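The values are calculated or read from the model by the stated rules, or taken from the named source; none is laboratory data. Note that the structure is a prediction, hence the values are computed from the model and not measured. Positions of Cβ are backbone-derived with ideal geometry, glycine not excepted, and every protein chain shown enters the neighbour counts. Protein only, heavy atoms only, side chains kept; ligands, DNA and RNA dropped before computing areas. Shrake-Rupley method; radii C 1.70, N 1.55, O 1.52, S 1.80 Å.
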Amino acid sequence: MVRDAWQCWLDRRLPRARQVRLDQRRIFILPTGYGYLYLLVAVLLFFGGINYENNLILGLCFLMIGLFVVAILHTYRNLSGLILRAGGGRSGFVGGQGSLEVVLIARRRGHRALWLRWLDQPAQEASVEGGEELGVWLNLPLSRRGALRPPRLRVESRYPLGLLRAWSLVALDQVCLAWPRPQESRDCPARGGDRERRAAPTGQNGSEEFRGLRGYVPGDALTQVDWKGFARGRGLNVKLFEEPASGRLWLRYDLLEGLPLEQRLSILCYWVLRLSDENRPFALTLPGATLAPARGGEQRQRALDLLARHGEVD
Amino acid sequence: MARIYQVPSHARGWLTLAIIATSLPQLVDGPWWQSPLLLLVLGWRALVDRQRLLLPGRVVRLALLLATVAATWQSFGRLHGPEAGTALITGLFALKYLELVGKRDAYVLIVLGYFVCATILLFHQGPLAALYVVGCLVLLTASLAGINYGDTHARGRQHLGVAAVMVLQALPLAAILFVLVPRVAPLWNMHLDSGQARTGMSDSMSPGQVSRLTESAELAFRVQFDGPAPAPSQRYWRGLTYSYFDGTTWRQARPPGWGERDTLYHGRGPAPDWYRGLRAAAGGPAWEYRVIMEPSQQRWLYALAVPFTDLDGLALARDLRLVADAPVTGTLGYRVRSVPAAGAGATLDGAERALMLSLPEQGNERARALAADWRRRYPNDRALVNAALGYFREQPFFYTLEPPPVTGDTVDRFLFDTRRGFCEHYASSFTFLMRAAGVPARVVAGYQGGEPNGDYLQVRQYDAHAWSEVWLAGRWVRVDPTGAVAPDRIELGLRQAMRNRSADQADGEGGAFGRLPVLFRLQQWADYVDFNWQKWVLGYRQEEQRDLLERLLGAVTPTRIALALLGAVLLVTGLLALLVLNRRRDQPARPLEREFRRLRQALGRRGLALPEAVSAAGLEAAVARRWPAATGAAGHWRRYFEHLAYRRDGDPPRSERLQLARRRRALMRALRG
Amino acid sequence: MQALDKALAQVGSVVLGKPEQLKLALACLLAGGHLLIEDLPGMGKTTLAHALARVFRLDYRRVQFTSDMLPADILGVSLFDPESGQFSLREGPVFSQLLLADEINRATPKTQGALLEAMEERQVTLDGLTRPLPSPFFVVATQNPVTQAGTFVLPESQLDRFLMRISLGYPAPEVELQLLAGGDLREAVRELRPVIEPAGLVKLVAHVGKVRASRDLLDYVQRLLEATRADDRFSAGLSPRAGLGLLRAARAWALIHNRDYVLPEDVQAVWPSVAEHRLQARQGGQVAALTQSLLQTVPVVRA
């Protein structure tokens, strides 16, 4: 209840944004444990100064207190003006970790010894000097499939003296995509040339009909390069095959009827990975989305993203 | 769990330096074993940092700790008390450095460092000591800044910069707290014996004793008068009276059967008759002043006759002098109001009168005979005193700091044989003669004179003096036989008197008096600083605070102090915040931007609201629409602005800025036309 | 720069009633950037590209993109002839000075990628050999705004390779009347006389880089870029590359207007066509309106 109210208050006070500049509205500041110890020492010195009627010890005590007050300003300043921008994201599988980039931007002055962490996650330290930008990648455990919003980002600093802790809870508007966790399955849920295809062992490309050679163009799959010819000094060439009708596999969601949704996606994910590893072309059909046949890393990425975003209402 | 050394390498230098700096005074003052201990720790630590050695295990650390405690016990015979405590905490400070691993250890180490800083101030209170401690605090702060900056690329030097800036900014706040935070009385009494033996007056006077003091230029006390100071010849700082003479030595004494209660009034309880008598006569002109005494390890204080104070921790003695409740072990400041006329209220009762006339049963027969002769010739006491002074003046007496030693009947030998002596010889023999003639008299010891420095007087040990007081017409009258022999001594002070004589005799006295003028000037200046330091910093106690706050705030009430404290702290913090956080504002506007803003604001005042993102051309168009007559002037301005802003790089020189400003004013004039 | 005015007039004689767009297209060319024209078919995209090629006497090729196109179809292939044991190189259409890539969004991403990479690098690596593309080299790509079946929308990262995106739109009524009354446009294009030689164009492009952009102007450009990054209504801000492009386009615009220094107005003129296609509005906002609104809010002279 209290936690919810706190979250609610936070959301109103510090709404999500793609870029956040820390200012007095967003920075909280409190003494650290060491700060309290420091004040205790100052108080002890005060009593010492009173009892020994020693004005200089009193002066030392007052100087320490003055330093504490100045430290409040400096600790605050170390966070104030820092700009955080949502950066890139690296997707991952459910149960694993993805990571999101937070770009720290220091306009005019440096921001030192900043500790960044998603709430309930380990922290990472970073410093940016004035006029610099720095991307920090923070890992995020992926607990469920889909586009995950990270929890609030806690930015904390105790610099310069460690007497005070200034922090802010920043809600950056960024998402990390969690792909389904691949689940192994013998049967390929595909429809293509021959139905109910088994997993084809690697190298079966050879069964396709050889058409000729052409020069290598960046982007061509390395598995199709004519390495033998290259060894004979004929340069880098790519073997061209007639695409057999059976080569284009259509991975289909509806072929997995009867299984729960997540499991279907997991199986599809497994096959996307497997076919990509074998560098075989495939297509993917989900309810409401279709991915045209292709192969390679980009196809794999698109297919996985499609699986991750399945069922999402935008 | 493996503990990782968490203090970044760029912070270690500052930490080590902070440890050395804060421990240094104790290494000099404290027991001998402190230096080897610190060297051991520093060396061990240096080897550990170079991975040549492991940090000591628990057993070794415990052994070192026990050894430190034992060494402290050995050196002081106890573990409490300031000296032992300081030695112990400095030792612990060093040992803590040996077990420094994590950030937490570093924090503990630095906290110990603050305590060590405080112990420095227990024993050293000069301005330089304070500055030194501020330096130590900067080093400790730099260490903190380094510890909290985990980045390995950080440079060590920037920590010192950060620390220095922060301490500098903290100073005004500290000053406000220092002035305004109410001083309270000690919660429990701490006696701190600084143990420094000082030269000074002693409670007895035998020949040669005062002259020894004159070799010392050490400061005895300083005086600051509220108004003009009395003439040098009137500055007789009374400290002690000697009323008992055993033939060679004068001593303090009380009439038989009297206790301290009869001779001292502390201001508590009903005032005794003699005090009320003095009070009743305390009218007429008075001197108001403040004395700051150096530690003397004695209870008596110095003041002009007849001193009145608020009797807080001081007492007035029946022989018209001030006595502290406890020996003066540290610098002591007190305010005095001296009323010369109050002497008329003094009494001299039977037992006391008898004491003031007492002499040894025999000895010094020639002096007694001389006194009896005078008594026969001058029945009037005053005439008799004058005759005695005339005797000193007319007979070939010499004032010298190096009188020949005399033994046996010291008074006779001096008066009739050697006739060379110092103030104590004159005072002693004069008082003897008076008593022998039946006039109550006593020797007074104290200081005479004082050199002005700035707005205060310095009274040094070589100003030590002894003179007599005789009871004439119902009051004590000061008689200084030395003045009859060497008037210079009284008018100009000892130093000047000696210098004159040395010029005459071409016989340099040397010692404390023959100093180089430049050095002397420097020393005077240093003393001036020291005096104000004593007065405003060390001597800023409850009373001084009350006085100052009364002047500042009108009345001293808790609410006013609280409000003033809050207000001042907030004000200074606000100013500091402006200073510290100001840099987050954008870079200052450049000249062209300022010029643009000025025109924009001027047009705004004429009622032309321009969009936020207006450009020079947009501004021109808006002006032309609103004031068609000004179209030409606006275009004129716009072209020149664009020329300066976009056709060239760098800020335009002053002449061109002025030109642009002229065109702006021309445009504004065109609006009116 | 009378030649530039003349060139504009020439192109304007066949692409009627679109002076601003023509100037933008010319600026894009002078800035050495590639142009994306987004329009419905039949709006004069081809005419514009062809006219530009004529006016500058550029070697002009046109490729109609289809979904079964392979990268090799654009870049060219070196085919191995088993009989002679030799490779024979066949250069693709990309080896031209002005390439009109019609309906680029019909090609598969891989083919798009091959072209866009060549555009960026201004060279093609074939058969292990790197071949530079001719100079000058411009791509005018067209794309249909309506997402039709079998189209691959250019991803944002690829859109960044185009310096500008413009659309011609329907002609005004009187212009349309003129158009209907006029003769064959193709004939008119073929009759255009070259005004500037390719070598002259290369010189002009080099000259664009020398147009002065003062510190105050750079500040303004930076503020604009910053505004897109800070504005939550966009899903991502402009990249530094976009900023450089913006500045270059503004310089070309200043050159077209016979100035050797850039004014904020130049930046504002090219701003929508440089920025819009690189920005995406969130929550169904109108990119065009949002992009335009920044010009109203970002101070030209810092107050």
- Item | Accessible area per residue, Å², region B:540-582 with all protein chains present, probe 1.4 Å | 62
- Starting from the amide H of residue C:76, placed 1.01 Å from N in the peptide plane, find each other amide H under 5 Å away whose residue is 5 or more places distant or on another chain. C:92
- Normalised by the number of residues in region B:1-121, what is the relative contact order in percent for Cα pairs under 8 Å and 6+ residues apart? 37
- Task: Quantify how much of the Cα-Cα distance distribution of region A:1-99 extends past 21 Å, in percent.
- Result: 62
- Item | Estimated FRET transfer efficiency when R0 is 45 angstrom, pair residue B:565-residue B:276 (beta carbons, to 0.05) | 0.60
- Task: Note down, for the protein assembly as shown, the three equivalent ellipsoid semi-axes (square root of 5 times each alpha carbon gyration tensor eigenvalue), biggest first, whole angstrom.
- Result: 100, 39, 26
- Message: I need the Debye-formula profile for chain A: one equal scatterer per C-alpha, no solvent, reported as log10 I(q)/I(0) at q = 0.15 1/Å, two decimals.
- Response: -1.12
- Note on the structure: Relative to chain A, whose Cα atoms define the longest principal axis, helix A:33-51 and its Cα axis are tilted in degrees, nearest 10, by 10
- How many percent of the accessible area of chain B is carbon or sulfur, using a 1.4 Å probe? 57
- Only bridges with both residues in chain C count here: give the DSSP antiparallel percent, nearest 5. 40
- Item | For residue C:62, residues with placed amide H under 5 Å, excluding near neighbours | C:100
- Item | Amide H contacts under 5 Å for residue C:131, placed H, 5+ residues apart | C:124, C:125, C:126
- So what's the gap between the Cα centers of region B:381-419 and region C:234-287, to the nearest angstrom? 110
- Item | ³J(HN,Hα), Karplus 6.51/-1.76/1.60, whole Hz, each residue of region B:31-39, x for Gly, Pro | x, 5, 6, 5, 5, x, 4, 5, 4
- Task: Ignoring ligands, DNA and RNA and using a 1.4 Å probe, state the total buried accessible area between C and B in Å², rounded to the nearest 100.
- Result: 2000
- Item | Student exercise, the protein assembly as shown dipole from Lys, Arg, Asp, Glu Cβ charges, in Debye to nearest 20 | 2200
- Query: So what are region B:215-335's ellipsoid semi-axes, whole angstrom, largest first, if each one is the square root of 5 times an eigenvalue of the alpha-carbon gyration tensor?
  - Reply: 23, 20, 15
- Task: Could you name every residue in region B:589-625 that has 10 Å² or more less accessible surface in the full protein assembly than in its own chain alone (probe 1.4 Å, ligands and nucleic acids excluded)?
- Result: B:590, B:592, B:593, B:596, B:597, B:600, B:612, B:613, B:614, B:615, B:617
- Task: Note the direction-averaged projected area, equal to a quarter of the hull surface, for the Cα convex hull of region A:14-179, in nm².
- Result: 10.4
- Query: Where does each of A:6, A:179, B:32 land when they are ordered by accessible area, with a 1.4 Å probe and the largest first?
  - Reply: B:32, A:6, A:179
- Query: So what's the angle, to the nearest 10 degrees on a 0 to 90 scale, between helix A:297-309 and the longest Cα principal axis of chain A?
  - Reply: 70
- Could you give the spread of the C-alpha atoms of region B:1-121 along their three principal axes, from largest to smallest, in whole angstroms? 40, 29, 22
- Compute the Kirkwood hydrodynamic radius of region C:209-303, taking the inverse of the mean of 1/r over all pairs of distinct Cα atoms, and give it in Å to one decimal. 13.4
- Taking Cα atoms of region B:602-654, Rg/Rh with Kirkwood Rh, to two decimals? 1.02
- Message: Let's see if you can work this out: charge +1 on each Lys and Arg Cβ, -1 on each Asp and Glu Cβ, no other charges. What is the dipole magnitude of chain B about its Cα centre, in debye to the nearest 20?
- Response: 4560
- Antiparallel bridge percentage (DSSP; both residues within the protein assembly as shown; nearest 5): 80
- Note on the structure: Residues other than residue B:72 with Cβ under 13 Å of its Cβ, Lys/Arg counted +1 and Asp/Glu -1, net out at 0
- Task: Under 11 Å from the Cβ of residue A:14, count the other residues' Cβ atoms, weight Lys and Arg +1, Asp and Glu -1, and hand me the total.
- Result: +4
- Rounded to 0.05, the calculated FRET efficiency for the beta carbons of residue C:174 and residue B:131 at R₀ = 60 Å is 0.10
- Positive-end residue of B:482, B:92, C:234, charge dipole of the protein assembly as shown with Cβ unit charges: C:234
- Sum of -39500 (n - 2.57) over DSSP H runs of 4+, divided by residues of the protein assembly as shown (222 nm, nearest 500): -14000 deg cm²/dmol
- Query: In Å² (nearest 100), what accessible area is buried between A and C, both sides summed, heavy protein atoms only, 1.4 Å probe?
  - Reply: 1600
- Query: Over the C-alpha atoms of region B:52-99, what are the Rg and the largest Cα-to-Cα span, Dmax, in Å?
  - Reply: 11.8, 39
- FRET efficiency, residue B:48 to residue A:309 (Cβ-Cβ, R0 56 Å, nearest 0.05): 0.50
- Taking only the alpha-carbon atoms of region B:34-190, what semi-axes of the equivalent ellipsoid follow from 5 times the gyration tensor eigenvalues under a square root, in whole Å, largest first? 29, 26, 12
- Across 10 Å bins beginning at 0, the whole-percent shares of Cα-Cα pair distances in region B:204-505 come to 6, 28, 36, 24, 6, 0
- Task: Using only C-alpha positions, report the orientation-averaged shadow area of the convex hull of chain C, nm², one decimal.
- Result: 18.1
- Task: Take the Cα atoms of chain B, find their three principal axes, and give me the spread along each one in whole Å, biggest first.
- Result: 122, 84, 60
- Solvent-accessible area buried by pairing B with A, both sides, nearest 100 square angstrom, 1.4 angstrom probe: 4900
- Query: Per residue, how much accessible area does chain C have with a 1.4 Å probe, in Å²?
  - Reply: 43
- Query: Under a plain spin-label model, where a point goes 7 Å from the Cα along Cα-to-Cβ, how far apart in nm are residue B:362 and residue B:382?
  - Reply: 3.9
- Convex hull over the alpha-carbon atoms of region B:37-77: what's its volume per residue in Å³? 50
- Within the accessible area of chain C, what % is carbon and sulfur when the probe is 1.4 Å and the other protein chains stay in place? 52
- Item | Solvent-accessible area, 1.4 Å probe, carbon plus sulfur percent, for chain A | 52
- Between residue A:43 and residue C:68, how many nm apart are label points set 7 Å from Cα along the C-beta direction? 8.6
- Round to the nearest 10 and give me the degree value, 0 to 90, for the angle of helix B:542-553's Cα axis relative to the longest principal axis of chain B. 50
- Query: Using a 1.4 Å probe on protein heavy atoms, which residues of region B:103-120 have at least 50 Å² less accessible area in the complex than alone?
  - Reply: B:107, B:111, B:114, B:115
